[in-house]
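Below is one structure, written out as structure tokens; comments come after it.
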Amino acid sequence: MAVDGTLGLVALGVLVVGTLLVLAIARHRRQGRARAQALRRLGFRDCPDRTAWLEETVSRLERTEGVRYEIRQPRRLPGEPAVYHYVKVRHRHVQDDAVAEEEILFPLKRPSPAGLVVLVKPSSLAPGLATRMLGAIAAGPWDAQAADLRRLELPADLRNTNVVAALGPPGAGLYDLIDSRALSVVQGLGDAGGMFVRCRESWCAVSGASAQIPYRIDHIVAGIRPLL
């Protein structure tokens, strides 16, 4: 009887795990369909011929040692300037799980072509200990950061705003790397799930940072339009 009970518990556990897996797959597919529909409504069109170029551009933008970037499902808005959407997959080691995230790439005029990373939070998250910890972790010296960037001191006028942390070349000031108009736009992207903003040379990329904060493509595209 004890063996039968144990087998019954094992079968129940397998059933629960299987059910959760099926639900997760179904949710992922629903999210994929919703994303594709939103992109079509905005006018994005498939551009597989730009995959290699996007992989090279993203690699230069990130400048992370030992990481290979794979681009999936590349799409572009028609016309100029070019605005791209894709799924970015980060590969470090063969045995590691790949990390995938949605990203928007667009050209941005800045005072300097040097690298810049800005972490912004949603307005619903009040400034405090949690945001300070978030900034310390996100801008810390971990191996997914650009090799040539260091944490910058935020200007006094940006304290207690949606800007949580910034990375740039050692010795640079934030306003040396991005003007106040563009930074004002960047601050609003966190509410749409675009919490990481990376710039280098003439390009800027906006990606999500948390599955708990939906990446709202339509709001991100509407937010960056004044900068195009």
### Length-normalised contact order for segment 45-227 - Cα pairs under 8 Å, 6+ apart - percent
23 percent
### Solution diffusion estimate, µm²/s, Stokes-Einstein, segment 45-227, Kirkwood Rh from C-alpha pairs, 25 °C, viscosity 0.890 mPa s
148 µm²/s
### Task
Between E80 and D49, take the C-beta separation as r, use R0 = 22 Å, and let me know the FRET efficiency to the nearest 0.05.
0.85
### Task
Please work out the Cα center distance from segment 159-228 to segment 50-119, rounded to the nearest Å.
14 Å
### Message
Per 0.36 nm of contour for each residue apart, how much would the distance between R41 and E56 grow if the chain were fully extended, relative to their Cα-Cα spacing?
### Response
2.6 nm
### Message
Counting each pair of different Cα atoms once, what's the Kirkwood radius of segment 169-217 in Å, rounded to one decimal?
### Response
11.9 Å
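Here, each number is a calculation from the coordinates, and none is a lab measurement. Since the model is a prediction, treat every value here as computed from it, not as a measurement. No Cβ is skipped: glycine too gets one built from the backbone with ideal geometry, and neighbour counts run over all protein chains shown.
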